[in-house]
1. In this structure, is residue 584 without any contact (Cβ under 8 Å) to a residue 40 or more places away in the chain, open to solvent by 70 Å² or more (accessible area, probe 1.4 Å) and of a type outside the set (Lys, Arg)?
2. Has the stretch 72-89 got any residue that is assigned to a strand (DSSP E or B) and open to solvent by less than 20 Å² (accessible area, probe 1.4 Å)?
3. I'd like the residue in the stretch 411-422 that is open to solvent by 20 Å² or more (accessible area, probe 1.4 Å) and assigned to a helix (DSSP H, G or I) and, out of all such residues, is modelled with the highest pLDDT.
4. State yes or no: is residue 264 of a type outside the set (Phe, Trp, Tyr), modelled with pLDDT of 75 or more and closer than 24 Å to residue 394 by Cβ?
5. What is the residue count in the stretch 100-115 for residues that are over 44 Å from the mean Cα position of the chain (by Cα) and either of a type in the set (Lys, Arg) or open to solvent by 50 Å² or more (accessible area, probe 1.4 Å) (or both)?
6. Any residue that is among the polar types (S, T, N, Q) and not in a helix (DSSP H, G or I) - is there at least one of those in the stretch 210-219?
7. Find all pairs meeting these conditions: Cβ atoms under 6 angstrom apart; at least six residues apart or on different chains; first residue within the stretch 274-296 and in contact (Cβ under 8 Å) with a residue 60 or more places away in the chain; second residue surrounded by fewer than 17 Cβ atoms within 10 Å (Cβ to Cβ).
Amino acid sequence: EWLRSGSWKSDRTMRIAPGALTVLEFHSDEPRGVAGVVWWTDASEHNIYLSMVLGNPRLQAPVFSSYAGLPPQDLKAELESAPRLIKDEQVTAEDGGCMWSAAVIGNFTAVRLTILPNLERYVPRTAATAAAEAAEEAEAIAAAAAAEEATAAEAAAVAGSAHSSSSSAAAAEFPCPAQPPSNGTAGAAAEPCTTLQTVSDAAEELASKEALGKFMAQTRPKDAVDGLSRGLKTAGGSVLAGMGNVVASSIQGYHQQGGLGLLKGLGMGVVGGAAIAVGGTACGVAQIGRGLANTPEAFRNRREQRVWDQELGAWVDIDLCVLENQVEAEGSDDEESQAAKGSIRAEVADSELYDLLKIRPDASPSDIKKAYYKEARQCHPDKNPGDREANARFQRLADAYQVLSDPQLRKKYDREGKEGIQQGRQRMDPSLFFSLLFGSERFDPWIGELHLAMQTDQFAKALERADEDQEQSAEDSIAEGDAMSRSLRRRQFRREVRCACHLRNILDRFVSYRDIDGFESQMRTEAASLASGQFGPATLCALGEIYVARSEIYLADELVGRFSFKKQVASMRHSGLTARHRWHLCQHAVGSIMRVKRVHDAATNSAASASIPKADNETTPTEEEQEQENQEQESVVEAVLDEALPTFLQTAWAAVVTDIDGTIKEVGRKLLKDKSVPWQIRIRRAQGLQRLGQIFLEEGEKAKAVVGGTETHVLTSEAAKAALQEALMGSVRENR
């Protein structure tokens, strides 16, 4: 329900019995009277909806509308366009599922609603239906284009015959001027009278217009606040650039001509810097103006629950089914995995590694990853301290995953078996390393691949390509950097879509089936499992906080008002949460820098003491004494490094939390503003997300209390070193 004004007078939990009369009453003491929307579902399968729009203001005519069977796309918006009630007028709903008439109209209004039988059931839209709709639309567009081409060709043929007749007549009346003989030969045939026109200039002009349009779209501010922010950044940056130009010109002039050059450089720098500052300030003012001009459109699109796409410079609707279909069509985030999909074979020379992971030889890369995580958790060294057999199995699992997760190596193993796998240079899998380090393999469906892992993976691949191509030009390096940036953005987008789809499926038990008790029991069990891993309680609490914050913002926006006090408080809470996470990251980053300095100082002091020459009266140390001294110096540096490991690990963890915060913000936006489902479903999703966040917070706090706090895993250097070693051991793969 959503009552903008007024409240229930009858029991709001009362069920509407079939084949009987049910009385529902609302009342209001407010000047605005009663206004709002309410909806029910059938008690068995919860896929038949009864939706009502009602309003009875004090000084205006009452309005009413109802839908039975399928829910309307936006029930809240129907309140603004609901038809007025006319006494004793029989009205049938647009969908034909119900009809109503008003027996009494006034301060007290009575409406009799009749729900008809054989109502249509609501079937949620899926990625498959979205793909089918896209295919039908593409076929329709292709058919229309073919029809247009046929019509154009027929018209061109008719016009061509007419043109030929008129051209012949014109040629007889106005013959082409005589052409001179070719190469001075009198018998050469005369060339036809033809005019050629190049289109290169037009193509260049079109490309320039497209580039300018793309630049204007990507720099377009969405509203006044965005325009002010962009304008201040542009103006501030130009002022700083102008000041830098003054300083650089002065220094350059001094080096070239001394004092006189300093004055000349200062003058030229002031002129150039002023031009830069004035130009940048003008651009900043223009951005502020563009933001003000776009503000009305921003208000309208926010009210319609659209999302701003900065790359397109436009407000767009989110259809999670379409996005899911796009991501599934693109496939894996790893280009090598995508290329190797077609080479997976069901018949292999040796299936021992597949049997170890308990998967089929034709398993997909994602199935291999899931199976490895599942099997590795059971024999992880943390769960089996001192168990040599479990540790050995963990190592065998890691070796199997190293082979099967590498597309080229897996192809070779499938073809030749173990004999085809030779030892080679080892390489770390960044995604797997960070998953094992922070226990995020359990949270993979919830938070996806960490951005830190994606960046490390891209950097490692860039280094490998640089080793292969030593003579890479500057243009190629820039192009490769742009390609890496686009790849990271696309991987992050796929990550957000997959997490949103996972949340949608998890919340379906609460949203569609309304099994609240079963949902809470399932989520508490899941939360307890998630909290048992490395950094599990902290990750669970971070997720719970963000889920609650995003759902509160959405519910306050939709059910209370965009500019309401409750919405502002919810937004401030989320902003405070984000600021706290960033502050922790800055704190740990500063601590890491100080630790790096200590490690550097210790290494420098050790090297300096080793290079100090001995006095003449001192005896030369023996080889054993020199080796012992070197070991002592190395142990000092190692001790300082071990002491710094917990701080380094905490810094990485703070970066992960900040990454999770930003990612889940976008995940929540895609989930809660999904136009593939009606408004009622989106409200239920927000309520389910809020409850899920509360459960995660409760279970996370319980787990924290059991282990004694969030940082117990990394307070000691021994624990930090063990965590790093285990993650490294499980993530190293060999290039054979």
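The values are calculated or read from the model by the stated rules, or taken from the named source; none is laboratory data. On a predicted model such as this, the values are computed, not experimentally measured, just so you know. All Cβ positions, glycine included, derive from the backbone under ideal geometry; neighbour counts span all protein chains shown. These area figures cover heavy atoms from the full protein model, side chains too; ligands, DNA and RNA do not enter into them. Shrake-Rupley method; radii C 1.70, N 1.55, O 1.52, S 1.80 Å.
1. Details: without any contact (Cβ under 8 Å) to a residue 40 or more places away in the chain: no; open to solvent by 70 Å² or more (accessible area, probe 1.4 Å): yes; of a type outside the set (Lys, Arg): yes.
No, not satisfied.
2. Narrowing the stretch 72-89 to residues assigned to a strand (DSSP E or B): 84, 87.
Now drop any that are not open to solvent by less than 20 Å² (accessible area, probe 1.4 Å), which leaves none.
So far as the stretch 72-89 goes, no, none of its residues is assigned to a strand (DSSP E or B) and open to solvent by less than 20 Å² (accessible area, probe 1.4 Å).
3. Initially, the stretch 411-422 is screened for residues open to solvent by 20 Å² or more (accessible area, probe 1.4 Å), giving 411-412, 415-416, 418-419, 421-422.
Right, trim to assigned to a helix (DSSP H, G or I) and you get 411-412, 415-416, 418-419.
On the way: 411: 79, 412: 76, 415: 74, 416: 72, 418: 71, 419: 67.
Among residues in the stretch 411-422 that are open to solvent by 20 Å² or more (accessible area, probe 1.4 Å) and assigned to a helix (DSSP H, G or I), the one modelled with the highest pLDDT is 411.
4. It is false that residue 264 is of a type outside the set (Phe, Trp, Tyr), modelled with pLDDT of 75 or more and closer than 24 Å to residue 394 by Cβ.
5. Pass one, the stretch 100-115, residues over 44 Å from the mean Cα position of the chain (by Cα): 100-114.
When the remaining residues are screened for being either of a type in the set (Lys, Arg) or open to solvent by 50 Å² or more (accessible area, probe 1.4 Å) (or both), the result is 103-105, 107-108, 111-112, 114.
Number satisfying all stated conditions: 8.
6. The first filter runs over the stretch 210-219 and keeps only residues among the polar types (S, T, N, Q), leaving 218-219.
Of the ones still in play, those that are also not in a helix (DSSP H, G or I) are 219.
Yes, some residue in the stretch 210-219 is among the polar types (S, T, N, Q) and not in a helix (DSSP H, G or I).
7. Once the first residue is in contact (Cβ under 8 Å) with a residue 60 or more places away in the chain and sits in the stretch 274-296, its partners that are surrounded by fewer than 17 Cβ atoms within 10 Å (Cβ to Cβ) give 288/228.
Condition check ((1) modelled with pLDDT of 90 or more; (2) farther than 28 Å from residue 508 by Cβ) across all residues:
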residue	(1), (2)
99	yes, yes
102	yes, yes
130	no, no
140	no, yes
147	no, yes
153	no, yes
168	no, yes
